[in-house]
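All remarks here apply to the structure that follows.
The values are calculated or read from the model by the stated rules, or taken from the named source; none is laboratory data. This one's a predicted model, so the numbers in the text were calculated from it and none came from an experiment. Here the Cβ is made from the backbone with ideal geometry for all residues, glycine too, and neighbour counts use every protein chain on show. Note: areas computed on protein heavy atoms with side chains; ligands, DNA, RNA excluded. Shrake-Rupley method; radii C 1.70, N 1.55, O 1.52, S 1.80 Å.
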Amino acid sequence: MFSRRTGWEFHADALAEAAARRRAMGGLLDLTETNPTRCGFEYPQSAIRAALAQPDIFLYQPEPQGLPAAREAVANYYQARRQTGAAERPLAFAGTPRSEAVWLTAGSSESYAHLLRLLCDPGDCVHVPRPGYPLLEMLAGLQDVELAPYPLSPWSNWEIDLPAFEASLTPRSRAVVVIHPNNPTGSYLGRKEWLELQTLAARHELAVIVDEVFYDYALEWQSTAGIESEPLPEPAALTFVLNGISKITALPQMKLGWFVLRGPQALAQAAARRLEPMLDSFLSVDTPVQLAAGELLRARLEVQPQIQARLRTNLALLDQALATCPALRRWKVSGGWQAIVRVPGIFSDEEWARKLLAESGVHLHPGHFYGLDQMQDAAGAQMRAACLVLSLLPPTQDFTRAVSAAIHLIRSQIK
Ligand SMILES: Cc1ncc(COP(=O)(O)O)c(C=O)c1O
């Protein structure tokens with residue numbers, strides 16, 4: 001009766017179940033929390049409510065690409081981004097996109113779904129970073145698309161090994177996804193890496209999907225000798241830049257995302273011609289959210305500083321705690337909302353995560369969730385250390401309590 005693509009093997013996730021039990025009992029120290037609406041940030045609620053309740057919400061104006069004013073608000077976001085320090089990290093934009101290049105969706109997941117449908121036939125292949133965002137596997141599976149992970153090396157700032165990536169392409173390769181900064185490694189693509197990837201993608205007729213949802217959350221990112229601010233050429237390959245207010249304004253419940261279409265004009269036009277009927281079949285972004293787009297984006301100016309401050313404070317506290325236990329190391333967090341800590345490989349990452357939950361009530365993600373268990377060490381062998389991924393978003397008091405409980409337990413195990 002059911003499709004093969006939904007024939008998942010439903011096996012219980014023991015860690016998640018144990019965490020749910022612990023939560024129900026009270027006393028879960030949750031370091032997996034990345035839902036910003038549960039982390040105590042203050043939103044400009046009256047302004048957002050007013051924006052969602054305009055008289056025009058009773059008028060239906062079906063627009064496959066999204067209402068022009070909402071797309072204009074998105075273009076203005078990029079314009080504003082150019083005028084701040086953040087302008088040093090853009091890759092896909094030779095200038096600011098015009099609203100005509102913006103396509104609204106009900107979130108980045110939906111953007112991925114549309115783009116995979118646009119670019120791939122069943123069995124085609126899309127290349128994604130590993131370590132990387134686990135939901136991509138599900139999103140690709142739902143479109144009958146195969147994923148081929150390309151490794152990022154922790155020993156060289158999580159760079160892509162481009163010759164190895166090129167060697168892994170097959171006749172079914174259709175697109176490459178880059179996450180800028182990547183989840184969970186927090187790494188931004190470098191300028192040279194970007195330009196080389198674009199050339200390679202154009203040569204192999206691959207589309208490039210750039211997911212920038214964490215773009216605004218730079219932490220330890222450093223400019224390389226100012227060259228990052230020189231203007232970049234228009235992408236050589238057909239390129240889609242994804243983002244949305246789920247992370248920009250920390251409002252995942254408002255379901256407003258988009259992709260910006262870049263690259264050679266003929267290809268971009270051909271893509272637009274196909275996208276229009278596709279998005280017209282769904283018209284999924286609701287009118288109140290589109291009418292409120294300007295305000296929802298403006299609200300980031302109040303929300304992002306709170307999140308930035310939280311991320312920095314928690315990262316500094318994490319470092320203080322890690323300094324008490326030399327066997328623990330964290331990877332640099334160039335950006336994003338998470339940190340990766342390396343723990344001695346006396347247990348697997350899953351065993352560490354279960355132990356931490358059972359014995360100290362601390363819930364964090366084992367690295368294999370993100371493919372961190374597949375990494376090789378500097379000599380090319382399977383890495384012995386285990387990786388644990390933790391969110392930097394929880395309220396600082398909760399975060400500190402959880403981190404010290406975790407480190408206390410880890411120290412007791414490695415003595
Ligand atoms: C890298 C990345 N892309 C996309 C998303 C999802 O974005 P949205 O809520 O807009 O679907 C997430 C959510 O955590 C993410 O980590």
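A few points about this structure:
- Qualifying residue in segment 99-119 (condition: assigned by TED's automatic domain parsing to the domain that holds Gly257, out of contact with any helix residue (DSSP H, G or I) (no Cβ under 9 Å at 6 or more places or on another chain) and farther than 29 Å from Pro288 by Cα): no
- Checking Pro277, Pro235 one by one, the residue that is in contact (Cβ under 8 Å) with a residue 40 or more places away in the chain, open to solvent by 50 Å² or more (accessible area, probe 1.4 Å), more than 16 Å from the ligand (Cβ to nearest atom) and more than 30 Å from Ala386 (Cα to Cα) is Pro277 and no other.
- Residue in segment 361-376 that is closer than 22 Å to Ala24 by Cα and open to solvent by 10 Å² or more (accessible area, probe 1.4 Å) present: yes
- Residue that is modelled with the highest pLDDT [pool: residues in segment 147-160 that are within 18 Å of Phe369 (Cα to Cα), part of a strand (DSSP E or B) and away from the ligand (no atom under 16 Å from the Cβ)]: Ala148
- Residues in segment 47-62 that are in contact with a Leu (Cβ under 8 Å, 6 or more places away or on another chain) and under 26 Å from Met278 (Cα atoms): 4 in all.
- Thr170 meets each of the listed conditions (1) surrounded by 18 or more Cβ atoms within 10 Å (Cβ to Cβ); (2) in a loop (DSSP other than H, G, I, E, B); (3) not basic (Lys, Arg) apart from (1).
- Of residues in segment 173-187 being in a strand (DSSP E or B) and within 17 Å of the chain's Cα centre (by Cα), the one nearest to the ligand (Cβ to nearest atom): Ile179
- Checked against the criterion of being free of Cβ contacts under 8 Å to residues at least 40 places away in the same chain and aliphatic (A, V, I, L, M), segment 293-314 contains one or more residues that satisfy it.
- Residue pairs whose Cβ atoms lie under 7 Å apart, separated by 6 or more positions or on different chains, with the first residue in segment 24-42 and of a type in the set (D, E, K, R) and the second open to solvent by less than 40 Å² (accessible area, probe 1.4 Å) and part of a loop (DSSP other than H, G, I, E, B), are Asp30/Pro394; Glu33/Cys39; Glu33/Leu393; Glu33/Pro394.
- So Gln306, is it within 16 Å of the ligand (Cβ to nearest atom) and open to solvent by 10 Å² or more (accessible area, probe 1.4 Å): no
- Being open to solvent by 20 Å² or more (accessible area, probe 1.4 Å), of a type in the set (Gly, Ala, Ser), under 24 Å from the mean Cα position of the chain (by Cα) and assigned by TED's automatic domain parsing to the domain that holds Leu15 is a description that does not apply to Ala353.
- Matching entry among Asp216, Asp161 (being touching a residue at least 40 places away in the same chain (Cβ under 8 Å) and acidic (Asp, Glu)): Asp216
- Number of the condition not met by Gln320 [criteria: (1) crowded, with 18+ Cβ neighbours inside 10 Å; (2) within 29 Å of Ser153 (Cβ to Cβ)]: (1)
- Among the residues making up segment 110-136, those that are within 13 Å of the ligand (Cβ to nearest atom), open to solvent by 10 Å² or more (accessible area, probe 1.4 Å) and closer than 16 Å to Arg5 by Cβ are Ala113, Leu135, Leu136.
- Taking the listed residues Arg22, Arg71, Arg49, the one that is assigned by TED's automatic domain parsing to the domain that holds Phe214, surrounded by 15 or more Cβ atoms within 10 Å (Cβ to Cβ) and assigned to a helix (DSSP H, G or I) is Arg71, with no other qualifying.
- Screening the candidates Ser246, Ser173, Ser187 for the property of being assigned by TED's automatic domain parsing to the domain that holds Val128 and closer than 22 Å to Asp124 by Cα yields one hit, Ser173.
- Residues that are open to solvent by 20 Å² or more (accessible area, probe 1.4 Å) and assigned to a strand (DSSP E or B) were ranked within segment 323-337; the one that is nearest to Ser412 (Cα to Cα) is Arg329.
- Some residue of segment 52-68 being within 16 Å of the ligand (Cβ to nearest atom), assigned to a loop (DSSP other than H, G, I, E, B) and either open to solvent by 80 Å² or more (accessible area, probe 1.4 Å) or within 29 Å of Ile407 (Cβ to Cβ) (or both): no
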